[in-house]
Each structure stands twice: as structure tokens, then as C-alpha cells.
Amino acid sequence: MTMPAAQRPRISHGGQALLKWLDEMRESQPVWRDGFGIFHVFRHADVQRVMADYATFSSDINRLRPGGDPFSAGSLMLTDPPEHRKLRRLISQAFSPKMSADMKPRIAELTEELLDDIEEDEFDLVEKFAHPLPIMVIAELLGIPIHDRGLFRTWADRLIALHVDDPTDVEIGRMVGEAMREMGEYVQTHVRKRRADPQDDLVSKLIAAEVDGERLTDAEIVNTSCLLLLAGQITSTMALGNTFLCFRDAPDAERAVRADFSLLGPAFEEVLRLRPPLTQAARLTTTDVEVAGTLIPAGSLVINWLLSANYDERQFPNPYRFDLTRSPNRHFAFGHGIHHCLGAPLARVEGRVALELLLRRFSEITIDPDAELSYYEDPMFGVKSLPVRVRRAA
């Protein structure tokens, strides 16, 4: 069955209409072909299968628009094995879970600095805290000057503003490339500086990384750094804001976390499940394949609905409930398979550290009930601003 893409709800007013539509699609059309000929996959088991089978479902979607995005060459997100395997081994050597764990004290310092600057009791949590913190963390990690963080936000906002109805449109690659060009040139200059004068930062480690005699090219280092600058700030910003949207809807969960901060780990995982910052992941079929009884021809774009899979009652009993005891919690906020997000350990460390210090600083954090919240367009799931009222801890 084919329906016009315009009939699909967008994220707005907390995404309730979209979630209802996803519930219906999981039941009636687990694989749906839209008006652009794009196939959408909704159930947890099917999304897991697609994301795990890289031979049948390629991540190299630029084949749909060759030459459109000059900054996609050597991108970890858009490559398949064996190229992806080589890239991931080299990048993982530099950007390891240990490196993320070692950032914990510095993340705490940056968090405290931002909280010290908040003097008012009514403020925008995104503007004052959730947005600047991830930028500062990523800049510190890469060794890029924190004072340039205004540029990072400009570049991220430029990309987010690109509204895409048909990802197969050849113009999309050109538009993305144009939005990325300034950031790519900025990072390239930084890479050249680090080649000449290595420091104790991630860019220097990426330059030095070597596996079986292979090293990363400048283009691969630039693309990796750009990906971290974008994904690190956008997704972490949304995750921090989404935490308080979840707490608003599940006040008992917030009270439990405040009484026992060891619950912050499972709480953050539930936030990521219920409000994943990225709602979709695209793949391209390399051969004819059947998913949930639907034949998908070779060369078709497939959209995996991470948000839908995270609410699939076949995997998550009572999926709309914020459950601090949910185990296992196999959500797809960080993807799945060989493209599982390399930045997941850093995102978890950052989220837990920042949230604990924020909750300790303010005994109450209440979203302004009169504020009309504005959401980013999907595939993002987060608010552009979050006006709050706080009570400071004694």
C-alpha cells in the first residue's frame, strides 16, 4: 500500500501524533512504501535485522546522489566493510571508551562553570546549559578553541534547517556539502596545525593512529572531527533537554533519581529510548530482499524508524511507561550493528555527570507551563528551547 508522504505526521507538540501513527504502522503496515518510493521499517526485530545486515542494506546512501557531497568521502557513517572496518579500527584506537571515561572530571568542571554563570531563577535550559555544554566538551576533546563555539552552533543550525522530504533528491547532497564546507575548511586548518605540532587531544591521536601500517588521511580525520562536532553537540543537547521533558511526564521517576543518584544510569537509558535524539537511520538495498512479507527491490532507500522500534511492545512491555527497572533496555538511540555510535560512551558519561550536578544544584526544575515548546523537524527529536523555573538547593 502506498500513501502520500504528506500524510505522515511530523514531530510537534511532543510528538504524540507521530507516536500514534507509528503505533498504527507497526500493527498494520510494518513495512510501508511512501509516495517517493522510500520503504519505512517500523518494528524492533525488523529494524535490528536491517541495521545488522550491512551486506544487504548498505550505509553508502550517497550512491543515490553521486558527487553531491564532497565532504562525505571517507565518512564512517556512509561506508561499508571493508572500508568501514579499517576506519573504525583506526578511529577506535584514538577515540576509545577509556578516553571518554577520562573526560569525566573535565566534564564536571565545565558543568560547574556553566551552572555558576546561571544567576536567574527563570532561564532557558537549552540556551544556558544543554547547548553550550556538549559543544565545550567536544571542542575540548578535539583540541579546538572553545571560544569558537558560536561557529559550531551556526554550522549545526545550518544543517538542521535543511528540510528534506525526498532524500533521493540529488540537490540534497549539494546542499549538505555547501552547509558543511565552512566547517570542513575550519577543521582542515586545525588538522594541519596538529600535524605540525601534536598535542594531547583527539585530533592529534587520530593523526597518530596506525593499524597494520595504515593511517587515516586528512579527509578522514576532517570528516570524523566534523561528525563529532555535529553529532556530539546536537544529540547531547537534545538528550539533556529531553530528560526534563520525560521527568515532566514522569515526576515519580525524577523523585526516585533525586533520592538515589545511582538510578541516573537507567533513567538516562529510558530518556534515550522514549525520546531518541535521532529518530531514523537510512540504508540502501544492494539486492532484492523481503522484510516482514514485503519485497524491497535492489537500489531502494530504506528508513529504519528507531523511534518506532523503541516503542515496540513486542520488545518493551508497557512501552510508554518511564521504567527505571527496565532490563534489558535494547533501544536504538545509538543505532545498531557495525554503525553503533562510537560516541555512545562519551554521551553516557556526559549525560550522567551533567544531570547529577544539575539536579544537585537545583532542588526543583520546572518547565514553564505557559511556554509553547518548539521542536526540531524529524529526524531530530528535541526542543529548540526549554524555559524553566528553578529552586536552588539549600
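The values are calculated or read from the model by the stated rules, or taken from the named source; none is laboratory data. Here the structure is a predicted model, which means the values were calculated and not measured. With ligands, DNA and RNA removed, areas are computed over all heavy atoms of the protein, side chains included. Shrake-Rupley method; radii C 1.70, N 1.55, O 1.52, S 1.80 Å.
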Out of ASN329, ASN304, ASN242, any idea which swings most in a Gaussian network model of the chain, alpha carbons joined below 10 Å? ASN329
Give me the percent of the accessible area of the stretch 169-294 that comes from carbon and sulfur atoms, probe 1.4 Å, all protein chains in place. 51
For the stretch 186-322, alpha-carbon Rg over 2.2 N^0.38 Å: 1.47
Rg/Rg_globular for the stretch 222-285, with Rg_globular taken as 2.2 N^0.38 Å and Rg from C-alpha atoms: 1.38
Per residue of the chain, what 222 nm ellipticity follows from adding -39500 (n - 2.57) for every DSSP H run with n ≥ 4, rounded to the nearest 500? -15000 deg cm²/dmol
Could you tell me the distance between the Cα centroids of the stretch 232-255 and the stretch 327-394, to the nearest Å? 4
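Hey, what's the Cα Rg ratio for the stretch 312-394 versus the globular rule of thumb, 2.2 N^0.38 Å? Walk me through the numbers before you get to the answer.
Numbers: Rg = 16.3 Å, N = 83, 2.2 N^0.38 = 11.8 Å.
Normalised by 2.2 N^0.38 Å, the Cα Rg of the stretch 312-394 equals 1.38.
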Which whole-number value in Å³ per residue fits the convex hull of the alpha carbons of the chain? 136
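What fraction, in whole percent, of alpha-carbon pairs in the stretch 10-67 exceed 19 Å separation?
Values: 755 of 1653 pairs.
Result for the distance tail: 46 percent.
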Can you pull the accessible area of HIS340 for me, 1.4 Å probe, Å² to the nearest 10? 70
How much solvent-accessible surface does LYS104 expose, in Å² to the nearest 10, with a 1.4 Å probe and all protein chains in place? 120
